[in-house]
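Step one of this worksheet: look at the structure below.
The values are calculated or read from the model by the stated rules, or taken from the named source; none is laboratory data. Please read all numbers here as calculations on a predicted model, not as lab measurements. Positions of Cβ are generated from backbone atoms using ideal geometry, with glycine treated the same way; all protein chains shown enter the neighbour counts. Heavy atoms of the whole protein, side chains included, go into the accessibility calculation; ligands, DNA and RNA do not. Shrake-Rupley method; radii C 1.70, N 1.55, O 1.52, S 1.80 Å.
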Amino acid sequence: MTTNPFNELLGHAYYIVHPDLNCFIPSTPSIPVNHQVIMGDTTSDLPTCGRTRSEPVKFGRALRDSEFLFDPSYRNLNHGSFGTIPSHIRNLMRQYQDQAEAKPDPFIRYTYPQLLDESRAAVAKLLGVPTETCVFVSNATMGVNTVLRNIVWNKDGKDEILYFETIYGGCAKTVDYVAEYNRGLVHSRCVPILYPCPDGDIVENFEKAVQEVEKEGRRVRLALFDVVSSNPGVRFPFEAITASCKRHGILSLVDGAQGIGMVKLNHLGEVDPDFFVSNCHKWLHVPRGCAVFYVPLRNQGLIRSTVPTSHGFEAAELQGGNLKRVNPLPPNGKGYFVNGFQFVGTVDNAPYLCVKDAIKWREEVLGGEVRIRDELIKMAREGGRLVAEALGTEVLDNKEGTMSACAMTNVALPLPAEDIEASGEEPAVHSYVLGTLMEEYQTFVAVFVFQGRWWARLSAQVYLDLQDFKWVGGVLKDVCDRVVRGEYKKNKVPDTSV
């Protein structure tokens with residue numbers, strides 16, 4: 001690669017020229033040159049970090065310092081909320097963005113769809129499903145909204161949506177909105193979970209809920225459930241619930257917001273849910289925001305419109321004087337479903353293009369999906385045990401260990417939950433804990449109350465090691481001790497409810 005002599009004109013600190021792509025690539029001087037590579041159609045120059053291609057990198061602090069973009073003072077133990085990307089993928093994303101700025105119409109209208117198809121093919125292979133069943137949306141919540149807003153509910157008002165009490169808050173509110181908007185055509189019902197429990201108990205509770213609905217002369221039209229729930233962060237038996245849905249003729253909507261890149265999903269075609277969405281920007285090292293949205297061919301006719309509706313929509317009957325609706329984008333010969341999601345208004349979809357690159361980076365630098373998955377689950381389990389020992393509490397798991405078969409761990413906090421709830425000071429305690437972690441310790445931990453106890457959810461990731469868990473165990477012990485001493489009362493959150 002050669003240096004671009006027009007750096008000042010291009011407004012970047014430093015540029016290099018990629019000989020294969022014939023374009024300029026923005027480079028950051030603090031990042032080694034071997035990171036400044038654009039993959040595109042070539043994968044010959046991935047970052048090597050001083051090792052041979054056949055030697056997988058060691059996970060931990062050295063990887064964080066060489067490959068990721070964190071402030072040196074910050075420890076990211078909450079990967080599960082927003083994810084992050086290595087510098088290599090960041091540079092690829094910037095290159096796609098620069099191409100869009102260099103020649104907006106040729107790139108957005110013609111080049112972008114081709115690159116998008118490459119990412120669709122790559123993620124479909126990872127999931128074990130046909131490419132024509134996969135498109136991208138901005139996040140898992142968007143995918144859930146797309147399904148729930150497209151379903152045509154029966155006019156007799158007997159349809160119900162089943163969900164579990166660990167449902168993600170944004171999705172729960174979507175269910176509430178759909179029920180409200182449809183004015184009595186559909187209702188919702190929550191299936192209880194008492195953790196810890198065997199997976200079989202969850203399936204049994206679901207079956208009981210279906211039977212209760214049927215006894216009332218109603219029908220479960222759709223069930224919404226997780227791959228890995230958010231709070232608590234535990235693996236959910238989505239395969240068994242999907243099978244139960246099939247037996248009862250219920251549409252299954254799987255919220256895999258926490259899923260791809262963290263747990264095994266290459267059997268998705270065998271599980272065969274009716275709808276599935278998973279954030280690529282959380283555990284697959286893809287830039288925010290990007291989620292794969294899977295709809296098998298049999299159900300694509302149910303998804304009449306993207307959210308929002310855009311050029312791909314074709315009305316069943318034209319209104320307004322039968323005016324012909326013109327799609328200004330180039331014809332592509334793709335099916336209605338794929339074509340609809342290819343362009344949904346003008347937004348920066350560069351993260352979608354990075355999916356294929358992130359998968360390749362994970363294979364060639366991190367050692368592949370199996371290695372990543374196995375080591376992160378092991379790290380989460382061992383790290384959770386270390387934190388629980390420091391706090392004198394326990395990890396949330398069942399005897400079978402299936403709840404902890406993911407890259408997150410949930411550790412009970414030694415806080416007097418009943419007393420805090422009785423005093424009405426949960427918001428103040430929560431704000432104090434998070435504020436102290438961020439301001440004094442330069443970290444963040446997802447802290448929540450679940451079934452009468454305070455919990456901390458911690459994420460394992462390739463840039464962490466067990467020393468990070470030992471460290472955060474001591475930090476949480478100190479913060480909890482300070483809460484018990486009442487220090488949070490000095491910094492109460494003002495009441496903004498009125």
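What the table shows:
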read-out	value
Order of exposure, largest accessible area first, which applies to Val484, Val295 with probe 1.4 Å	Val484, Val295
Eligible lysines near Lys125 by straight Cα distance, threshold 18 Å, same-chain separation 8 or greater	Lys264, Lys356, Lys360
Largest-first principal axis extents of the Cα set of the chain (Å)	67, 61, 48
Helix-only CD estimate at 222 nm, as mean residue ellipticity for the chain, using -39500 (n - 2.57) per DSSP H run (n ≥ 4)	-11500 deg cm²/dmol
Label point distance in nm, Met438-Tyr74, each placed 7 Å from Cα along Cα→Cβ	1.1
Percent RCO, i.e. relative contact order, over the chain, from Cα pairs under 8 Å lying at least 6 residues apart	18
The range 404-498 pair-distance distribution - Cα-Cα, 5 Å bins, rounded %	2, 12, 24, 25, 17, 11, 6, 2, 1, 0
Simple spin-label estimate for Phe448 and Phe313 in nanometres, 7 Å along Cα-Cβ	3.3
Qualifying trypsin sites (Lys or Arg not before Pro) in the range 379-450, DSSP loop, other Cβ atoms within 10 Å at most 10	Lys399
Fraction of accessible area attributable to carbon and sulfur, the chain (%, probe 1.4 Å)	52
Cα-based convex hull volume of the range 128-232 per residue, rounded to whole Å³	129
Mean Kyte hydropathy of -0.5 or more with a Cα span along the axis of at least 30 Å, helices from DSSP in the chain	369-391
Inter-site label distance for Glu400 and Glu270 at 7 Å from Cα along Cβ, in nm	1.7
DSSP loop GluC sites (Glu not before Pro) with at most 16 other Cβ within 10 Å excluded, longest remaining stretch of the chain	1-164
Cα pair distances in the range 280-384, grouped into 10 Å bins until the bin that holds the longest one, percent each	12, 30, 29, 18, 8, 4, 1
Net charge contributed by nearby residues that have their C-beta within less than 15 Å of Leu265 (K/R +1, D/E -1)	-1
Relative contact order of the range 107-194, defined on C-alpha pairs under 8 angstrom at six or more residues apart (%)	25
C-alpha center-to-center spacing [the range 239-304, the range 438-476] in angstrom	28
Whole-Å distance, taken between Cα centres, linking the range 71-133 and the range 180-214	36
